[in-house]
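K.L.:
Okay, handing you the structure first.
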Amino acid sequence: MSEALFIDVRVDEPTSGDPGLAAKLEEVCPVDIFRAGPEGVEIVRENLDECVLCELCINAVPAGTIRVIKLYAPGEELRA
Amino acid sequence: MRFFEYESRAIVAKAGIPVTRHGFATTVAEVSELAEQIAGPVVIKSQVLSGGRMKAGGVQFADTPAEAAGHAEQVLKLEIGGQMPRGVLVDSRAAVRHEYYAGVVWDGIRKLPVMLFSDMGGIDIEEVAEQQPEHVARAHFSTLRPFSEWQAKQVIASLGISGTVLGRLTPILTRLARLFLAYDMTLAEINPLGELEDGSVVALDAHMDMENEARPRQRELLQELGVGDEETRQAREPTPFELAGEEVDAQDHRGVAGNVTEFDGNLGLVIGAGGGSLTLFDAVRAHGGNPANYCEIGGNPSVRKACGLAKLVLGKPGVDKIAVMMSIVSNTRVDIVARGVIKACLELGLDPAEKIAIFRIPGAWEEEGFKILERYGVEYADRSVSLHEAARRAVEKIQGGELAGAR
Amino acid sequence: MSILIDERTTFIVQGITGREAVNLTRECLDYGKGAKIVGGVTPGRLGRDVHGVPVFDTVAQAVAHHGAAIDGSVVTVPPAFTKDAVFEALENGVKLVVIVTERIPRGDVAQMVELAGDRGARIIGPNCLGIIVPDVIKMGGIGGPAKDAAKSYSSGPVGVISRSGGMTTEMSSTLTAAGLGQSTAVSIGGDAIIGSSYAELLPLFEADSQTEAIVIYTEPGGRMEAELARYVLDSGSRLPIVAFMAGRFMDEMPGMSFGHAGTIVEGKEDTASEKIARLAEAGIVVAEEISQIPELVRGRIATTV
Ligand code: SF4
């Protein structure tokens, strides 16, 4: 499986370990980048490059716990 | 979607239009058997989708089953217009007194179906219409109100046809008009429609085209005829490259990245959408370029799909560079397509800056897209560069590259 | 002024809860003076709202809620349901139906057009992006999000009619960049049978005092361009017309379909070269490249004034 080239998503505590938020993220992301796993949020790495920068994930969790990083533009990222 | 003659005859017969006694055969043995059953003179007709069967020797007459078998052996092996026959039609040879033409097509200007009828059947109707227009009668009919027999009668009678034969022709044209609408045809034609020595009227040949868009709702008829979903019935069979394009497009339901047609040039095209693709293909040729393919991207496809299409085009033997060009996009996103084509290059171990001759897609999310292209050193253009200018730059790059290689 | 729609036009969106329809609704509400979308219809979704637009189960409910006749409808339902949706709109007094849906069999399109004729209504499309009056209103996805549409379209003297939705924007953007705005731009759709052809829209532009010239995008296939040429010759239109013809390469490939469903060269009349000849006979100039269009338009506006 090829690595993501354009987008990375980082999920920090407390969001990453919260099963409720994991389910919510799985629902809101239009391109299936999040999966609700037994230990909380999992990132589906092969879908990362499909990210449409819609910020729905960012708005669904406590401020600052999700960052959507543009790998093609050093220093640019989306966060609450 | 075009039907073979044996299928068209089945459709006509299903609609209650009399046909001559006939059968479809794929082997010489089957032909002999059918000829025995018919027990009289027969015609062996090659079953291909292209025209010009007669000229190519795909239609042969036989008086005995043995003769029929001999002809069938030849016809079954005969390629016509680049196509091997699906089989042959074994038709009883009728004693024909007169040949008529009956057809129904769409009139895109009046936006109604139109019946055509002629008392000069057996030859090309367009020729008759041009040279002897007084022998072709036509009438439009409603798609909302039920078709009534008098409409057919009036068309036929307008040619001066009267007597018993008018009464026999009328229900045939009526049924043809009704089946045209019921089965979503774009062309339904009986030519010739024969009046036999005994006064009966039968379809001696039939030609049907069904609208592709209607295939889902005509499944029942298609199943009855044994036409599978995989049969495209295009003017020519799709190449493996084109089939691979369909696969790319089918991998998810987001947008379109496909409709690929193969050509033999060195400049791969990743272009869109409908009108933009047509314009760009012309533009590349106008500047002396040799396109390797036609294709269409539109409707906001996924990165995966854009990547798949670009990979397919990049991987085509003889392709040196690709040009990624579209008319201004509003639904499709510039950044998503940029990601897709760059990813395709990298996954094939190629340098996007070198392989992408030009990227000209202005519109939705262009700022983000241009950032990506800049990062990978790909030459890009915004809306101030016209489609033709973008095509010219792509052609210049690839031809410059060739010269450099020759040195 | 404009043709077909203006700032007072009210319309509904049939199939409003679909993904593309939700975007289209947002775009139309945001553009220009803001479209008056008085309702949306998706069966079973009564009581919801899409960007503040109330959703109904039927067109009749939308009309009742609005309390007056509704001028138009944008139809975005899947092909198998389009005919029914259009019939519903027409039977409830809607006079302008923009059909976005593609891949509708022509038998259905012909029925819709016939019923529209019986009801004194007009259909634009199918397989089109709709209508835009620059800076005022757009009805359909034409031009995309409001801020993108604002980049491509500007108000001015040119009427645009195009068989390709995307090329409507490309041509208008080229005109805008050259300082030539548009009175109204109409994406008429690329299918073999469409609700409104060039020749049917031209009289509307004739009657519009703002319009001084017409730009059309054409393709091989069909006889619509021949119809236009005949109309121009017979009527002696006051409007100079500049055309662009794409798909010239298709002349060498009869029977093959590229681009839109309507683009297939079947006879000798519907090739690109034949159409160019017909258009030229009617005094319609055919541009070789889109970038030449503004200059051609300017030259012709100057000569008619
Ligand atoms: S920004 Fe949107 S597409 Fe990207 S990860 Fe978040 S929810 Fe998914």
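The values are calculated or read from the model by the stated rules, or taken from the named source; none is laboratory data. The model shown is predicted, which means the values in this text are computed figures rather than measured ones. Here the Cβ positions follow ideal geometry from the backbone for every residue, glycine too, while neighbour counts run over all protein chains shown. We work out accessible area using only protein heavy atoms, side chains counted, and drop any ligands, DNA or RNA first. Shrake-Rupley method; radii C 1.70, N 1.55, O 1.52, S 1.80 Å.
K.L.:
Restrict the check to region B:273-284 and report whether at least one residue is part of a loop (DSSP other than H, G, I, E, B), touching a Phe, Trp or Tyr at 6+ places or on another chain (Cβ under 9 Å) and open to solvent by 10 Å² or more (accessible area, probe 1.4 Å).
P.N.:
In the first step, residues of region B:273-284 are kept if they are part of a loop (DSSP other than H, G, I, E, B); the result is B:273.
Still in the running and touching a Phe, Trp or Tyr at 6+ places or on another chain (Cβ under 9 Å): none.
No: region B:273-284 contains no residue that is part of a loop (DSSP other than H, G, I, E, B), touching a Phe, Trp or Tyr at 6+ places or on another chain (Cβ under 9 Å) and open to solvent by 10 Å² or more (accessible area, probe 1.4 Å).
K.L.:
Out of B:Y376, B:Y380, which single residue is farther than 18 Å from B:V284 by Cα, at pLDDT 95 or above and of a type in the set (S, T, Y)?
P.N.:
Answer to the selection: B:Y376.
K.L.:
Six or more apart or on different chains, Cβ under 8 Å: which pairs go from a residue in region A:12-36 that's within 14 Å of another protein chain (Cβ to nearest Cβ) and within 13 Å of the ligand (Cβ to nearest atom) to one that's at pLDDT 90 or above and open to solvent by 50 Å² or more (accessible area, probe 1.4 Å)? Could you list them?
P.N.:
A:C29/A:L56; A:P30/A:C54; A:P30/A:L56; A:D32/A:E26
K.L.:
So, in region B:246-264, of the ones that are under 17 Å from the mean Cα position of the chain (by Cα) and more than 12 Å from chain C (Cβ to nearest Cβ), which residue ends up least open to solvent (accessible area, probe 1.4 Å)? Steps first, please.
P.N.:
Step one: of region B:246-264, the residues under 17 Å from the mean Cα position of the chain (by Cα) are B:246, B:258-262.
Then drop every residue that is not more than 12 Å from chain C (Cβ to nearest Cβ), which leaves B:246, B:258.
Values: B:E246: 98, B:G258: 0 Å².
Taking the candidates together, the pick is B:G258.
K.L.:
Considering only region B:131-250, give the strands (runs of 3 or more DSSP E) lying wholly within it that have at least 3 residues that are closer than 29 Å to C:M256 by Cα. Break it down stepwise before answering.
P.N.:
Values: elements: B:136-140, B:185-196, B:201-203, B:206-210.
Result: B:136-140, B:185-196, B:206-210.
K.L.:
Additional query: Quick check on B:S386: is it without any contact (Cβ under 8 Å) to a residue 24 or more places away in the chain, assigned by TED's automatic domain parsing to the domain that holds B:D264, open to solvent by less than 60 Å² (accessible area, probe 1.4 Å) and of a type in the set (S, T, N, Q)?
P.N.:
Details: without any contact (Cβ under 8 Å) to a residue 24 or more places away in the chain: yes; assigned by TED's automatic domain parsing to the domain that holds B:D264: yes; open to solvent by less than 60 Å² (accessible area, probe 1.4 Å): yes; of a type in the set (S, T, N, Q): yes.
It is true that B:S386 is without any contact (Cβ under 8 Å) to a residue 24 or more places away in the chain, assigned by TED's automatic domain parsing to the domain that holds B:D264, open to solvent by less than 60 Å² (accessible area, probe 1.4 Å) and of a type in the set (S, T, N, Q).
K.L.:
Next question. Against the definition (within 17 Å of the chain's Cα centre (by Cα) and either loosely packed, with under 14 Cβ neighbours inside 10 Å or among the charged types (D, E, K, R) (or both)), how does B:E231 come out, yes or no?
P.N.:
The answer is yes for B:E231.
K.L.:
Quickly run through region A:37-80 and pick out the residues that are touching a Leu at 6+ places or on another chain (Cβ under 7 Å), assigned to a loop (DSSP other than H, G, I, E, B) and either in contact (Cβ under 8 Å) with a residue 60 or more places away in the chain or more than 9 Å from the ligand (Cβ to nearest atom) (or both).
P.N.:
If the condition is that a residue be touching a Leu at 6+ places or on another chain (Cβ under 7 Å), assigned to a loop (DSSP other than H, G, I, E, B) and either in contact (Cβ under 8 Å) with a residue 60 or more places away in the chain or more than 9 Å from the ligand (Cβ to nearest atom) (or both), then A:V61, A:L71 are the ones that fit.
K.L.:
Could you check how many residues of region C:233-263 are in a helix (DSSP H, G or I) and either open to solvent by 30 Å² or more (accessible area, probe 1.4 Å) or of a type in the set (V, I, T) (or both)? Break it down into steps so the answer makes sense when it comes.
P.N.:
Going through region C:233-263, the residues in a helix (DSSP H, G or I) turn out to be C:233-235, C:248-252.
Filter again for either open to solvent by 30 Å² or more (accessible area, probe 1.4 Å) or of a type in the set (V, I, T) (or both), leaving C:233-235, C:248, C:251-252.
The qualifying residues number 6.
K.L.:
Considering only residues that are out of contact with any Cys (no Cβ under 9 Å at 6 or more places or on another chain) and within 9 Å of C:K138 (Cα to Cα), which ones fall in region C:20-40? Can you show your working first?
P.N.:
Taking region C:20-40 first, the residues out of contact with any Cys (no Cβ under 9 Å at 6 or more places or on another chain) are C:20-33, C:36, C:38-40.
Those that are out of contact with any Cys (no Cβ under 9 Å at 6 or more places or on another chain) and within 9 Å of C:K138 (Cα to Cα): C:E27, C:C28, C:L29, C:Y31, C:G32.
K.L.:
When B:Q223 is evaluated against the numbered criteria (1) within 14 Å of chain C (Cβ to nearest Cβ); (2) over 22 Å from B:Y101 (Cβ atoms), which criterion, by number, is the only one it fails?
P.N.:
(1)
K.L.:
In addition: Of all the residues that make up region A:1-10, how many are modelled with pLDDT of 90 or more, more than 10 Å from the ligand (Cβ to nearest atom) and of a type in the set (A, V, I, L, M, F, W, C)?
P.N.:
Number satisfying all stated conditions: 3.
K.L.:
For region C:143-172, how many residues meet the condition of being crowded, with 24+ Cβ neighbours inside 10 Å and part of a helix (DSSP H, G or I)?
P.N.:
10
K.L.:
Among residues belonging to region C:150-173 that are within 14 Å of the chain's Cα centre (by Cα) and away from every other protein chain (no Cβ under 12 Å), point out the one that is nearest to B:E296 (Cα to Cα).
P.N.:
The qualifying residue nearest to B:E296 (Cα to Cα) is C:I161.
K.L.:
OK, next. Going through region B:84-107 one residue at a time, which ones are exposed (fewer than 15 other Cβ atoms within 10 Å of the Cβ) and either touching a residue at least 60 places away in the same chain (Cβ under 8 Å) or in a loop (DSSP other than H, G, I, E, B) (or both)? Show your work before the answer.
P.N.:
From region B:84-107, those exposed (fewer than 15 other Cβ atoms within 10 Å of the Cβ) are B:84, B:95, B:97, B:107; that's our starting set.
B:M84, B:A95, B:R97 - these are the residues of region B:84-107 that are exposed (fewer than 15 other Cβ atoms within 10 Å of the Cβ) and either touching a residue at least 60 places away in the same chain (Cβ under 8 Å) or in a loop (DSSP other than H, G, I, E, B) (or both).
K.L.:
Could I ask something else about it? Given the residues B:E402, B:E347, B:E354, B:E389, which is the only one that is at pLDDT below 95 and under 20 Å from B:L269 (Cβ atoms)? Reasoning before the result, please.
P.N.:
Details: B:E347 fails: at pLDDT below 95; B:E354 fails: at pLDDT below 95; B:E389 fails: at pLDDT below 95.
Every option except B:E402 fails the conditions.
K.L.:
Also: List pairs: first in region C:79-108 and without any contact (Cβ under 8 Å) to a residue 12 or more places away in the chain, second not in a loop (DSSP other than H, G, I, E, B), Cβ under 8 Å, 6+ apart or cross-chain?
P.N.:
Taking only residues 6 or more apart or on different chains, the pairs are C:A80/B:P216; C:A80/B:R217; C:G107/B:L181; C:G107/B:A214.
K.L.:
For A:A4, indicate whether it is open to solvent by 40 Å² or more (accessible area, probe 1.4 Å) and either of a type outside the set (V, I, T) or not in a loop (DSSP other than H, G, I, E, B) (or both). Let's see the steps before the verdict.
P.N.:
On the way: open to solvent by 40 Å² or more (accessible area, probe 1.4 Å): no; either of a type outside the set (V, I, T) or not in a loop (DSSP other than H, G, I, E, B) (or both): yes.
So A:A4 fails the test.
K.L.:
Looking at this structure, is B:C295 more than 9 Å from chain C (Cβ to nearest Cβ), surrounded by 22 or more Cβ atoms within 10 Å (Cβ to Cβ), in a strand (DSSP E or B) and not aliphatic (A, V, I, L, M)? It would help to see each step written out before you state the result.
P.N.:
Numbers: more than 9 Å from chain C (Cβ to nearest Cβ): yes; surrounded by 22 or more Cβ atoms within 10 Å (Cβ to Cβ): yes; in a strand (DSSP E or B): yes; not aliphatic (A, V, I, L, M): yes.
Taking the combined requirement at face value, the residue satisfies it.
K.L.:
Can you name the residue in region B:41-61 that is crowded, with 16+ Cβ neighbours inside 10 Å and in a strand (DSSP E or B) and, of all such residues, is nearest to the chain's Cα centre (by Cα)?
P.N.:
Here the residue is B:S46.
K.L.:
Report, by residue number, each residue of region C:105-128 that is in contact with a Leu (Cβ under 9 Å, 6 or more places away or on another chain) and either at the interface with chain B (Cβ under 9 Å from one of its Cβ atoms) or not in a loop (DSSP other than H, G, I, E, B) (or both). Please lay out each step first, then the result.
P.N.:
Filtering region C:105-128 down to residues in contact with a Leu (Cβ under 9 Å, 6 or more places away or on another chain) leaves C:107, C:110-116, C:118-119, C:121-124.
Of everything in region C:105-128, those that are in contact with a Leu (Cβ under 9 Å, 6 or more places away or on another chain) and either at the interface with chain B (Cβ under 9 Å from one of its Cβ atoms) or not in a loop (DSSP other than H, G, I, E, B) (or both) turn out to be C:G107, C:A110, C:Q111, C:M112, C:V113, C:E114, C:L115, C:A116, C:D118, C:R122, C:I123, C:I124.
K.L.:
In the set C:E200, C:E225, C:E274, which member is over 17 Å from the mean Cα position of the chain (by Cα) and either of a type in the set (D, E) or on the phi > 0 side of the Ramachandran plot (or both)?
P.N.:
Details: C:E200 fails: over 17 Å from the mean Cα position of the chain (by Cα); C:E225 fails: over 17 Å from the mean Cα position of the chain (by Cα).
Exactly one of C:E200, C:E225, C:E274 is over 17 Å from the mean Cα position of the chain (by Cα) and either of a type in the set (D, E) or on the phi > 0 side of the Ramachandran plot (or both), namely C:E274.
K.L.:
Filter region C:231-272 down to residues that are within 12 Å of chain B (Cβ to nearest Cβ) and within 30 Å of B:M210 (Cα to Cα), then give me how many there are. Break it down into steps so the answer makes sense when it comes.
P.N.:
Going residue by residue through region C:231-272, those that are within 12 Å of chain B (Cβ to nearest Cβ) are C:231, C:244-270, C:272.
Okay, now just the ones that are also within 30 Å of B:M210 (Cα to Cα), so C:245-270, C:272.
The qualifying residues number 27.
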